[in-house]
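Visitor: This is the structure I have questions about; it appears just below.
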Amino acid sequence: MATTQSALDSIPALLARNAASFGDKAAYREKEYGIWQRWNWSDAAKEVEALALGFLNLGIHEGDFVAIIGRNRPHFYWAMVAAQSVGAIPVPLYNDANAEEMAYVLGHCGARFIVVDDQEQVDKVIEVQDQLHQFEHMIYLDPRGLRKYDHRRLHEFTHIQEQGRAARDEFGPELAARTARLNMESTCVMLYTSGTTGKPKGVVLSNRNVIVTSKNSCDFDHLAPGEEVLAYLPMAWVGDFIFSIGQAYWSGFCVNCPESADTMMTDLREIGPTYYFAPPRFFEGQLTSVMIRMEDAGKFKKRLFKKYMEVAKRVGPAILDGKAVSFADRLSYTLGNLFVYGPLKNTLGLSRVRVGYTAGEAIGPELFEFYRSIGINLKQLYGQTEATVFITQQPDGEVRADTVGVPSPDVEIKIEDNGEIYYRSPGVFEEYYQNPESTADTKDPEGWVATGDAGFIEKSSGHLRIIDRAKDVGKMSDGGMFAPKFVENKLKFYPDILESVVFGADRDRCVAFINIDLTAVGNWAERNNVAYGSYQELAGHPEVYNTIQGHIEEVNKSVACDEMLSGCQIHRFLILHKELDADDGEMTRTRKVRRKIVGEKFADLVDALYGGKDEIYTETEVTYEDGRKGSISATLEIRDVAVVPVNAKVAAE
Amino acid sequence: MNTMTDNTTVGYVTEDGRQIGGTMMEMKNITLRFGGVVAIENISFDIHEGEIRAIIGPNGAGKSSMLNVISGFYHPQDGEVWFNGARRPTMKPYQVAAQGIARTFQNIALFKGMSTLDNIMTGRLTKMKSSMLSQAIWWGKAAREEEEHRAKVEEIIDFLEIQAIRKTPVGRLPYGLQKRVELARALASEPKLLLLDEPMAGMNVEEKEDMSRFILDVNDEFGTTIALIEHDMGVVMDISDRVVVMDYGKKIGDGTPAEVLANKEVIDAYLGVSDD
């Protein structure tokens, strides 16, 4: 065993092992033409080999960068592994990035080869190709609309594979030699961070980072061949790389790719994954749609749902954690499972989930409990691209909404005096590509990496708790602690509120921007005969304002209970006339609010919130998906919110 | 005039370098009257194989009537319709469809209660060989045949990117998507000539862009000849190779978009003529 273990030091080596030891097990599925197409491990190995030979035929060198731009499809995963097989470095990109964003990343890594999905991506690359001096060949998957294009540098994916197969005698030995040269130190992948701050940075991960982390995390959750995952999160995101390549290759499980982005929910139901990851907003969206549909259900169904959800809330999490529960409660939970939870899980596509994770942002406690109560083993993890995902995660039976778990295997954690969290692990990244200053800033010579998050380790359980981004945690003018994320997360737990941005650093009080959730509020409007013509009109509706004001007052009460953060109550708010959007630079591509940019862009609104005005006229520039710009204008209402006096509480004590 | 002259059978090369084939359809001196109303008056034009041919004109110019003549729904009192080098006798619309001409409608004409998939399947009807009875029993040849048709339909679903609404009843879909389903159904019969009656009517800018892209892709990918009626001049000028302009039942212009735009009569018809 020791000899075979030591040979497993690259992804192509794992592929070879999987093809040899369980070649007929499913490795990839993709729904196409309405049917799930299947590739087993030996098919996958052949596809990867053909493409790798095709790359050699095009003259790829060791150390070249191969950019990959597309939605989750088996072919792109093969392209990554094929690139590794010839000693090149795959660089997956966000496929919804616009041409300039792509130009930056493609130029920064100097990609010679680009593998793309379809005409849309081809057009984007052609638009910026003059800025890309090292770019040589582009390979596309879907030939539609590309017939008339100049094909001197453009190739069809299957065509490259055919050429590769034909040239097998010629390039086979070279391919074998290059794959054999890979070891734990060679670069496995380069991933660009989404760039909440400044330009994206290329995080270089070695085979050691990926393989050791995958092994540890597979052991942690006992992931085995036979697991099913649905690959639907952006390929450029480190999580997808670890789940769909690292862990999938290490334990040999099957990666399922949806038919298209819009069919994801149907595909999820058809596949029924056993191992599942989704960001909090996804669970939030699902719960919102369940609640909306329950509103429209008949009286009997509503009663049944209400009754058994109460049972679930009371005993569900305890049953999941294997704690003692009375026989009567077990019985009614079983009935509930028969009538409500089972069918509900089935509709959500989560019937078979054995291990589910959420991460990326804090999840609302009630949201989290909802999923756990109906018997879905949803857990939290805390991770970063620089850590090859895993820093902490929650073991089975120790799951709570307000912590992110214990350090993952082989990970060390320390908290600095200012509250910032540091970690050291085998997954710690090699470097930021061509950016030694940033590398040195983030990673010290002993291998400790700053997370940029503030938090503390809970003494009683040893679990890590996150407060906020370390740089976002500020002081208010009276010296009180200001943690905007803490308040925003509480607000966002209301289905009506999609996003919120709280301001208050160096000020005497906090104010907030609110983005309403069009699905939830639109449904409410429909049921209450409220007519509206646009997002903007709905957002400005007085009834909507009343509802949101109610939510904020509830949140203020809850914030006031926290001694450290009671100063973060919201005094005034407004509902924004447009959704915060990545195309306008207000959010990252992973949908995290860029606080500073929002504050600068809407400076007039912030001033109005701190001024005494009741309403403000504003004009905002918007960018459409195709890059054109326009502007929208609106007069926004500003409201005061009741706050809980903090001093009174102190005086009472 | 029983033989075609040489210059009509020879194709041409478009501005963007596509080779267009010879004449596929020729309308010769078509006149269509409804009682005393003359909808089309002595109009002649041709459609070449592989081109995108637009028919434009103000409201009531006779565009839809022209499309109905091509699709065999109206029978002109005078004039001849030539298709694939032969004069077409008076035909029923289904016989025209069997010849390889498919169309979409200005007011969507789908089966609202049926799913997208079933609607598109109806487009395969002209291609189905097994009898209604054996299809109902769904056994042997009929089952195999349906699978083949389904495969073709799935290709079209993939092509038009409507996978997500495969099983949705068409009546529940927004207008823009219904238009796309209608295009899918027309494509399902694998037409040689596709007639589109105002494919962009009532769409927003983004939907129009999508639809233009699909029309160009259909033409490019399947080599389908397309004749379309459209009000949006921008779209017409962008995607069509040649344009016929009609006004009050008469042809007032015919040529490439640039030629047509420079035509004085066309400008007058669209912008109006000043009185002085």
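Visitor: Apply the Karplus parameterisation 6.51 cos²θ - 1.76 cosθ + 1.60, with θ equal to phi minus 60°, to every residue of the stretch B:254-265 and state each ³J(HN,Hα) to the nearest whole Hz, in sequence, with x for glycine and proline.
Guide: After applying 6.51 cos²θ - 1.76 cosθ + 1.60, I find 7, x, 5, x, 5, 4, 5, 5, 8, 6, 5, 4 Hz.
Visitor: Quick one: if you stick a label point 7 Å off each Cα along the C-beta vector at A:GLU398 and B:TRP138, how many nm between them?
Guide: According to this spin-label approximation, the distance is 5.4 nm.
Visitor: Using θ = phi - 60° and the Karplus form 6.51 cos²θ - 1.76 cosθ + 1.60, what ³J(HN,Hα) does each residue of the stretch B:24-31 get, whole Hz, x for Gly and Pro?
Guide: Running phi through 6.51 cos²θ - 1.76 cosθ + 1.60 with θ = phi - 60° gives 9, 9, 10, 9, 10, 6, 6, 10 Hz.
Visitor: Hey, could you get me the Stokes-Einstein D for the stretch B:116-188, Kirkwood radius over alpha-carbon pairs, 10 °C and 1.306 mPa s, rounded to whole µm² s⁻¹?
Guide: Numbers: Rh = 12.7 Å.
Approximately 125 µm²/s, per Stokes-Einstein.
Visitor: Ok, one more. Over 23 Å, how big is the tail of the calculated P(r) for chain B, in percent of all Cα pairs? Mind dumping the intermediate values first?
Guide: Values: 21164 of 37950 pairs.
Within chain B, distances greater than 23 Å cover 56 percent of Cα pairs.
Visitor: Would you mind checking which residues have amide H under 5 Å from A:VAL622's amide H? H placed 1.01 Å from N; only 5 or more apart, or other chain.
Guide: The answer is A:GLY630, A:SER631, A:ILE632.
Visitor: Using alpha carbons only, how many angstrom separate the centre of the stretch B:101-166 from the centre of the stretch A:450-523?
Guide: For the stretch B:101-166 versus the stretch A:450-523, the Cα centre distance is 53 Å.
Visitor: Using the 10 angstrom Cβ neighbour count as an exposure proxy, how do B:GLU26, A:GLU600, A:GLU537 rank, fewest first? If you can, show how the numbers build up before the last one.
Guide: Details: B:GLU26 19, A:GLU600 10, A:GLU537 15.
Lowest count first: A:GLU600, A:GLU537, B:GLU26.
Visitor: If you don't mind, there's one more thing I want to ask. Roughly what would the spin-label model give for B:LYS264 and A:HIS151, points 7 Å off Cα along C-beta, in nm?
Guide: 4.8 nm
Visitor: If you don't mind, there's one more thing I want to ask. Would you mind checking which residues have amide H under 5 Å from A:HIS155's amide H? H placed 1.01 Å from N; only 5 or more apart, or other chain.
Guide: Counting only residues 5 or more places away or on other chains, the set is A:MET138, A:ILE139, A:TYR140.
Visitor: Projecting each Cα onto the charge dipole of the stretch A:157-220 (Lys/Arg +1, Asp/Glu -1 at the beta carbon, about the Cα centre), which of A:LEU205, A:GLY164, A:LEU175 comes out farthest on the positive side?
Guide: Final value for the positive-end residue is A:LEU205.
Visitor: How far, in nm, would the chain grow between B:LYS92 and B:TYR175 when pulled straight, counting 0.36 nm per residue and subtracting the alpha carbon separation?
Guide: Numbers: separation 83, 0.36 × 83 = 29.88 nm, distance 2.96 nm.
So the extension gain works out to 26.9 nm.
Visitor: A further question follows. Counting DSSP beta bridges with both partners in the stretch A:287-433, what percentage is antiparallel, nearest 5?
Guide: Numbers: 10 of 13 bridges.
Looking only at bridges with both residues in the stretch A:287-433, the antiparallel portion is about 75 percent.
Visitor: What percent of all Cα-Cα pairs in the stretch A:328-370 falls in each 5 Å bin, counting up from 0?
Guide: It works out to 6, 17, 18, 25, 21, 9, 4, 0, in whole percents.
Visitor: Now, a different point. Using helices alone, what [θ] at 222 nm do you get for the protein assembly as shown, with -39,500 (n - 2.57) per DSSP H run of 4 or more residues, divided over all residues and rounded to the nearest 500?
Guide: Working: 36 runs with 362 residues, N = 929.
Calculated at 222 nm, the ellipticity per residue is -11500 deg cm²/dmol.
Visitor: For peptide B:157-164, what's the mean number of Cβ atoms from other chains within 10 Å of each residue's Cβ? Please report the intermediate quantities before stating the final value.
Guide: Values: counts 3, 7, 2, 0, 3, 2, 12, 10.
For this peptide, the per-residue mean of nearby foreign Cβ atoms is 5.
Visitor: Please order A:ARG178, B:ARG33 by the number of other Cβ within 10 Å, starting at the fewest. Provide the component values of the computation, followed by the final result.
Guide: Details: A:ARG178 21, B:ARG33 14.
Listed from fewest to most nearby Cβ atoms, that is B:ARG33, A:ARG178.
Visitor: Still on this structure, please answer the following. Just list whichever of A:LYS307/A:LYS592; A:LYS414/A:LYS485; A:LYS148/A:LYS201; A:LYS199/B:LYS208; A:LYS124/A:LYS596 have alpha carbons separated by over 31 Å in the model shown. If you can, show how the numbers build up before the last one.
Guide: Numbers: A:LYS307/A:LYS592 36 Å; A:LYS414/A:LYS485 22 Å; A:LYS148/A:LYS201 36 Å; A:LYS199/B:LYS208 35 Å; A:LYS124/A:LYS596 28 Å.
Cα-Cα > 31 Å for A:LYS307/A:LYS592; A:LYS148/A:LYS201; A:LYS199/B:LYS208; rest within.
Visitor: Would you list A:MET265, A:MET235 from fewest to most Cβ contacts within 10 Å? Please report the intermediate quantities before stating the final value.
Guide: Working: A:MET265 17, A:MET235 25.
Neighbour counts put them in this order, fewest first: A:MET265, A:MET235.
Visitor: Another question about this same structure. Using only the C-alpha atoms of the stretch A:123-231, find the volume of their convex hull and express it per residue in Å³.
Guide: Details: hull volume 25.0 nm³, N = 109.
Convex hull volume per residue, Cα atoms: 229 Å³.
Visitor: What Kirkwood radius, in Å to one decimal, follows from the Cα pairs of the protein assembly as shown?
Guide: Numbers: mean 1/r = 0.0318 Å⁻¹.
Across the protein assembly as shown, the inverse of the average 1/r is 31.5 Å.
Visitor: Can you tally the net charge around A:TYR624? Count Lys and Arg as +1, Asp and Glu as -1, for every other residue whose Cβ sits under 9 Å from the Cβ of A:TYR624. Before the final figure, lay out the partial values.
Guide: Numbers: positive: A:ARG628, A:LYS629; negative: A:ASP583, A:GLU625, A:ASP626, B:GLU206.
Here the count lands on -2.
Visitor: Given the Cα-Cα distance of A:LYS199 and A:GLU295 and 0.36 nm per residue of separation, how much length would full extension add, in nm? Mind dumping the intermediate values first?
Guide: Numbers: separation 96, 0.36 × 96 = 34.56 nm, distance 4.45 nm.
Length difference between fully extended and current span is 30.1 nm.
Visitor: Further question: Non-local amide H neighbours of A:ARG507 (under 5 Å, H modeled in plane, Pro and chain starts lacking H): which ones?
Guide: Counting only residues 5 or more places away or on other chains, the set is A:SER477.
Visitor: Okay, moving on. How tilted is helix A:518-527 with respect to the longest principal axis of chain A? Cα atoms for both, answer in degrees (0 to 90, nearest 10).
Guide: So the inclination is approximately 50 degrees.
Visitor: Take every Cα-Cα pair in the stretch A:474-652 and report what % of them are more than 20 Å apart.
Guide: Values: 8534 of 15931 pairs.
Tail of P(r) above 20 Å: 54 percent of Cα pairs.
Visitor: If you don't mind, there's one more thing I want to ask. From the phi angles alone, apply the Karplus equation (6.51, -1.76, 1.60; θ = phi - 60°) to the stretch A:18-29 and give each ³J(HN,Hα) in whole Hz, x where the residue is Gly or Pro.
Guide: 4, 5, 7, 8, 9, x, 8, 7, 5, 10, 9, 9
Visitor: Right, something else. What is the count of Lys pairs in the stretch B:116-188 whose alpha carbons sit under 20 Å apart, if the two are 8 or more places apart or on different chains? Mind dumping the intermediate values first?
Guide: Numbers: B:LYS127/B:LYS141; B:LYS127/B:LYS152; B:LYS129/B:LYS141; B:LYS129/B:LYS152; B:LYS141/B:LYS152; B:LYS152/B:LYS167; B:LYS152/B:LYS179; B:LYS167/B:LYS179.
For the stretch B:116-188, the number of qualifying lysine pairs is 8.
Visitor: Full extension from A:PHE220 to A:ALA177: what is 0.36 nm times the residue separation minus their Cα-Cα distance, to one decimal in nm? All intermediate terms of the calculation are to be shown ahead of the outcome.
Guide: Numbers: separation 43, 0.36 × 43 = 15.48 nm, distance 3.44 nm.
Additional length available on full extension: 12.0 nm.
Visitor: Using the beta-carbon distance between A:ALA328 and A:ASN546 and R0 = 35 Å, what value does 1/(1 + (r/R0)^6) give for FRET efficiency, to the nearest 0.05? Intermediate results must be reported in sequence, preceding the final value.
Guide: On the way: r = 42 Å, r/R0 = 1.21.
With R0 = 35 Å, the Cβ-Cβ based efficiency is 0.25.
Visitor: Kindly state, to the nearest 0.05, the FRET efficiency for B:VAL205 paired with A:GLU120, given R0 = 22 Å and r defined as their beta-carbon distance. Spell out each step's value before the answer.
Guide: Numbers: r = 17 Å, r/R0 = 0.78.
So, using R0 = 22 Å, E works out to roughly 0.80.
Visitor: Still on this structure, please answer the following. Using the basic label-point model (7 angstrom from Cα toward the beta carbon), what is the A:ASN529 to A:GLU185 distance in nanometres?
Guide: The answer from the label model is 7.7 nm.
Visitor: Could you give the Stokes-Einstein D for the stretch B:41-133 in µm² per second, using the C-alpha Kirkwood radius, 20 °C, 1.002 mPa s?
Guide: Values: Rh = 15.7 Å.
The Stokes-Einstein estimate is 137 µm²/s.
Visitor: Could I ask something else about it? For chain B, with only Lys/Arg (+1) and Asp/Glu (-1) charged at the beta-carbon, what is the dipole magnitude about the Cα centre, in debye rounded to 20? Display every interim value, and only then the final one.
Guide: On the way: 30 positive and 41 negative charges, 309 e Å.
Dipole size: approximately 1480 debye.
Visitor: Just going by the charge dipole of the stretch A:474-652, with Lys and Arg at +1 and Asp and Glu at -1 on Cβ, which of A:GLY630, A:SER500, A:ALA525 is farthest out on the positive end?
Guide: A:SER500
Visitor: Between A:GLN131 and A:ASP417, what is the FRET efficiency for a Förster distance of 56 Å, r being their Cβ-Cβ separation, to the nearest 0.05? Numbers along the way, then the final one.
Guide: Numbers: r = 45 Å, r/R0 = 0.80.
Working from the Cβ atoms, E equals 0.80.
Where a number appears in this text, it was derived from the coordinates with a stated rule and is not lab data. Bear in mind that the values here come from a model prediction, so they are computed numbers and not experimental data. Cβ: placed from backbone, ideal geometry, glycine included. Neighbour counts: every protein chain shown.
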